[in-house]
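Shown next, in structure tokens, is the structure this report addresses.
Read-outs throughout are calculated quantities, based only on the coordinates presented, and are distinct from any laboratory measurement. Treat the numbers as computed from the prediction; the structure is a model and nothing was measured. Don't worry about glycine lacking a Cβ; one is built from the backbone with ideal geometry, like all the others, and counts go over all protein chains shown.
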Amino acid sequence: MFQIRIHGRGGQGVVTATEMLSVAAFVEGHYAQAFPSFGSERTGAPVVAFCRIADKEIRLREPIMEPDALIIQDPTLLHQIDVFAGLKEGGYVLLNSSHSFEDIGLGDLVKERGHERMCTLPATELGLKHVGRPIPNVPLIAGFAALSDMIKLESVILAINEKFSGKVAEGNIAAATEAYNLVKEQMKERADA
Amino acid sequence: MLKQTEGSKAVAESIALCRPEVICAYPISPQTHIVEALGEMVKSRTLTPCEYINVESEFAAMSVAIGASAAGARSYTATASQGLLFMVEAVYNASGLGLPIVMTVANRAIGAPINIWNDHSDSLSQRDSGWMQLFAETNQEAVDLHIQAFRLAEELSMPIMVCMDGFILTHAFERVDIPSQEQVDGFLPPYEPRQVLDPVEPISIGAMVGPEAFMEVRYLAHAKQMQALERIPQLAAEFKQQFGRDSGGLVRPYFTEDAETIIIAMGSVLGTIKDTVDEMRAEGHKIGVLGIISYRPFPLEQVRAALINCKRFVVLEKSLAVGLGGIVATDVRMAVTGTGLRGFTAIAGLGGRPIPKSSLHKLFREAEQETLAPVTFVDLDHDAVNKQLERERQTRRSGPIAENILYDKGIASAAKFG
């Protein structure tokens, strides 16, 4: 079983992101379970949501305390809560930022955990560019697909089309595609370096 | 059709397939998504003929359901927590009048302190209301139980609550098989009421009944639930035949045959318990699980049969009978009267406190050793409790308990910063 935890703030589509991830996993034939942390969400308040992916029925209902992957939708959370709590060794980290981990003072973390499974992505900018709104969730799940190879970009696009229609869907697909390619490029650069 | 969807959405689709004629509800978390989705279906005429009535309160919701049902319409509503409490007088009337209303309860704690999260306090408070109560373990089961509930309610002309864990199920996206309209029509015939308010053939419903007949009317409510004990397994078997899956029934045993220790629970926590039991079985522990699906009527005979060969049992429940201990545990103990079985009660998950596998491993091992207290509060913060008790010993004006505990735990409280 693969467990993903997404941290963000109310209004950033954190819950929707886990739901879409679960749909993308489902269309690939996996079992998936997505659920929010059930707070009384308010715009701007820290929000956590979870997604499990497995190849048999998922019965477990506890919150994800030891994630295999972390998606951090808002870098300002790093100063507020321990988003890395319980992250498994070799776990993936995808952070919404236009800066590198080193630039935002997380160089040690990269040294400790290694470059292969950590990536930053300017997801808010991608949301603004393609959808006209600073919502980073869709670029981040596409970025996660690129980082982990857990799901295909096409499955993310299917999930987008299930959730949105018309121009919003088109914009999100463009944002997802660019995010996917950006992460793949970053990983290739690192592998070549 | 197999779908990855939200529990509430799946249940709304299931209700729509049951062809309700009147839906009335007042929104309250975590039930809201269900009636919102149904409202959209009625408005877009994908669910037709059906009247969706916006009401001003839960009391009105149940009152409208009673009126609609008495007029011969298949009636549905949904609620939770304080909403259920607010409609209680009408809840008793629905069962007392023998009206087969189906209501989803998206189980949520009862305040004060106000809390929107899941436990079973709300529907269990209506234990003796005369409504049947069926508890879903998964969203698939929630979908399936609603279809079975309309059939059972209408056969017996008695109302049913289908209980599903608020947020944990209602807001979870998971794989659900939504049946076809043909399948549901093949299982659930059109509603044929036993009593109808019809201007063409006027009757009255709701007579005042004195000492000469009240006992008989109440007894019949009990007798119908006893009939339900027979019908529930039959309907689950028929459902399996037509839909190809196990859903519903009275109880669901899991590795109970050779178990020395059996854990009894209701609702979605059964999934986490089964995962824990699988891990313990792999280590050689003789442990099993008994899920209770039908809380009312309570399957005394089936619970006794499942437990009779074990050495000890633990009732793990998301509810608390303040001043006694367990609510479900009391019924389970009645089922094993005279067997001499050792029973423990574990109160867990109140107000949405997570119930992790790690806590269950510890609890179940202590149960095996029989070192558990008769009533255990799983993951209770004893330090926080003792601190408040000490405060009360030292100061008369010790202040509001909830605010004090929040303050002690370092969670900002309006009272302290106001």
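Note on the range A:74-135 and the range B:331-398: Cα centroid distance 40 Å, given to the nearest whole angstrom.
Relative to the Cα centre, the charge distribution of the range A:7-146, modelled as +1 at Lys and Arg Cβ and -1 at Asp and Glu Cβ, gives a dipole magnitude of about 360 debye. In the range A:1-99, Cα pairs under 8 Å separated by at least six residues give a relative contact order of 33 percent.
Over the protein assembly as shown, dividing the summed -39,500 (n - 2.57) contributions of all DSSP H runs of at least 4 residues by the number of residues returns a 222 nm mean residue ellipticity of -13000 deg cm²/dmol. Restricting the range B:159-221 to trypsin sites (Lys or Arg not before Pro) that sit in a DSSP loop and have at most 14 other Cβ atoms within 10 Å of their own Cβ leaves B:ARG194. Our estimate of slack between B:GLU212 and B:ILE411, defined as 0.36 nm per intervening residue step minus the Cα-Cα distance, is 65.9 nm. Relative to the 2.2 N^0.38 Å rule of thumb, the range B:130-213 has a C-alpha radius of gyration ratio of 1.47.
Computed over chain B, the P(r) curve from all C-alpha pair distances, binned at 10 Å from the origin, holds 5, 21, 30, 24, 14, 5, 1, 0 percent per bin. Hey, for a label at B:SER180 modelled as a point 7 Å past Cα toward Cβ, could you say which residues of the range B:1-34 have their backbone N under 17 Å away? Only B:1-3, B:14, B:17-18 fall inside the zone, counting backbone N under 17 Å. Under a GNM of chain A (C-alpha, springs under 10 Å), which listed residue has the highest mean-square fluctuation: A:ALA32, A:ALA54, A:ALA176? Greatest mean-square fluctuation among the candidates belongs to A:ALA54. In loop segments of the range B:1-95 as defined by DSSP, the trypsin sites (Lys or Arg not before Pro) with at most 10 further C-beta atoms inside 10 Å of their C-beta are B:ARG45. Each Lys and Arg adds +1 at its Cβ and each Asp and Glu adds -1 at its Cβ; summed about the Cα centre, the protein assembly as shown shows a dipole of about 820 debye. Applying D = kT/(6 pi eta Rh) to the protein assembly as shown, where Rh is the Kirkwood radius over alpha-carbon pairs, T corresponds to 10 °C and eta to 1.306 mPa s, the Stokes-Einstein value obtained is 61 µm²/s. Counting only DSSP beta bridges with both residues in chain B, the antiparallel share comes to about 25 percent. Tell me whether the range B:1-44 comes out rounded, prolate or oblate; compute the Cα gyration tensor, take square roots of the eigenvalues as a ≥ b ≥ c, and use a/c under 1.5 as the rounded threshold. Since a/c reaches 1.5 but b/c is at least a/b, the shape of the range B:1-44 is classed as oblate. For B:ILE327, nonlocal amide neighbours, meaning residues 5 or more places apart or on other chains whose placed amide H falls under 5 Å from its own, are B:ALA321. Ranking B:GLY248, B:ALA223, B:SER121 by how far each Cα lies toward the positive end of the dipole of the range B:106-259 (charges on Cβ) leaves B:SER121 at the top. Of all the options A:GLY114, A:GLY90, A:GLY11, the one that moves most in a Gaussian network model of chain A with Cα springs shorter than 10 angstrom is A:GLY114.
3J(HN,Hα) along the range A:178-187: 5, 4, 4, 5, 4, 5, 4, 4, 4, 5 Hz, from the Karplus curve 6.51 cos²θ - 1.76 cosθ + 1.60 with θ = phi - 60°, whole Hz, x for Gly and Pro.
Under the combined filter of DSSP loop state and at most 12 neighbouring Cβ atoms within 10 Å, the range B:244-328 retains these GluC sites (Glu not before Pro): B:GLU257, B:GLU283.
Taking a ≥ b ≥ c as the square roots of the eigenvalues of the alpha carbon gyration tensor, chain A is rounded, as a/c is under 1.5. Counting only Cβ charges, +1 for Lys and Arg and -1 for Asp and Glu, the dipole size of chain B around its Cα centre is about 920 debye. Residue-wise HN-Hα couplings along the range B:207-214, as the Karplus relation 6.51 cos²θ - 1.76 cosθ + 1.60 with θ = phi - 60° gives them from phi, are 5, 6, 10, x, x, 6, 9, 4 Hz; Gly and Pro carry x.
In this structure the amide hydrogen of B:THR376, modeled in the peptide plane, comes within under 5 Å of the amide hydrogens of B:THR345, B:ALA346, B:ILE347, none closer than 5 places in sequence on its chain. Name the most mobile residue of A:GLU125, A:GLU89, A:GLU19, meaning the one with the largest mean-square fluctuation, in a Gaussian network model of chain A with Cα contacts below 10 Å. Checking each option, the largest mean-square fluctuation is seen for A:GLU89. Amide H contacts of A:MET118 (H built 1.01 Å from N, in plane; Pro and chain starts excluded): A:VAL93 sit under 5 Å, all sequence-distant by 5 or more or on other chains.
The radius of gyration of the Cα set in the range A:142-193, together with its Dmax, comes out at 12.1, 41 angstrom. Per the Cα gyration tensor, the range A:84-140 maps to an equivalent ellipsoid with semi-axes of 24, 12, 8 Å, ordered largest to smallest. So what does log10 I(q)/I(0) come out to for the range B:256-332 at q = 0.13, 0.21 Å⁻¹, using the Debye formula with one equal point on every Cα and no solvent? The computed values of log10 I(q)/I(0) come out as -0.39, -0.96. Determine the shape class of the range B:8-155: with a ≥ b ≥ c the square roots of the Cα gyration tensor eigenvalues, call it rounded for a/c under 1.5, and otherwise prolate if a/b is greater than b/c, oblate otherwise. Here the range B:8-155 falls in the rounded category.
What separates the Cα centres of the range B:73-136 and the range B:209-243 is a distance of 18 Å. Couplings 3J(HN,Hα) for the range B:15-20, derived from phi with the Karplus relation 6.51 cos²θ - 1.76 cosθ + 1.60 (θ = phi - 60°), are 4, 4, 5, 7, 6, x Hz, where x marks Gly and Pro.
For the range B:156-315, the share of DSSP beta bridges that are antiparallel, to the nearest 5, is 30%.
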